[in-house]
Amino acid sequence: MNKQQIWKQVTFDPGECNIWAPVIYHWQVRRADGTTHDYVGKAPNGSTRTWNAYIDNAFKLLNGVPYRPDLPDGFKSIHHALADAAIQGWDVLLRLVENCPLEDIETRRRHWVTTLECDLN
């Protein structure tokens, strides 16, 4: 499976956020039975590089490539969920939640992890 096939499962919703500013993002994987798995992260520098790294790691997982040479099994729960979604054809939503000042980004990330009842963080 290639990265483009993994991205096909993903719907991107930037909301009102500026992708180039510090931003909180939310991955949601919706299984066929309607249950969801959620993860909230932060991108202190904005950009799409952060989100592409999740797809890169799902790709590695699906293709038997180690996470890193020094940490081969270091994949996060979200990487496993994205890989499962690609295999099973589940819907994935990548939503930008809010821009916030850099000095508040970790506090805001924790707020959203709690508010959205994330099970993958």
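When the chain is treated as a Gaussian network with alpha carbon springs shorter than 10 Å, the biggest mean-square fluctuation among His111, His80, His26 belongs to His111. Tilt of helix 77-88 relative to the longest C-alpha principal axis of the chain, in degrees (0 to 90, nearest 10)? Taking the Cα atoms of the chain, the angle to 77-88 is about 50 degrees.
Each helix, a run of at least 4 DSSP H residues, gives -39500 (n - 2.57); summed and divided by the residues of the chain, these come to -10500 deg cm²/dmol at 222 nm. Normalised by the number of residues in segment 1-46, the mean separation of alpha-carbon contacts (under 8 Å, six or more apart) gives a relative contact order of 36 percent.
The distance linking segment 82-121 with segment 47-65 is 16 Å (Cα centroid to Cα centroid, whole angstrom). Kirkwood radius, the chain, all distinct C-alpha pairs, inverse of mean reciprocal distance: 14.7 Å.
Quick note: the coordinates plus some simple rules give every number you see, no bench work behind them. No experiment lies behind these values; they were computed from the predicted model shown.
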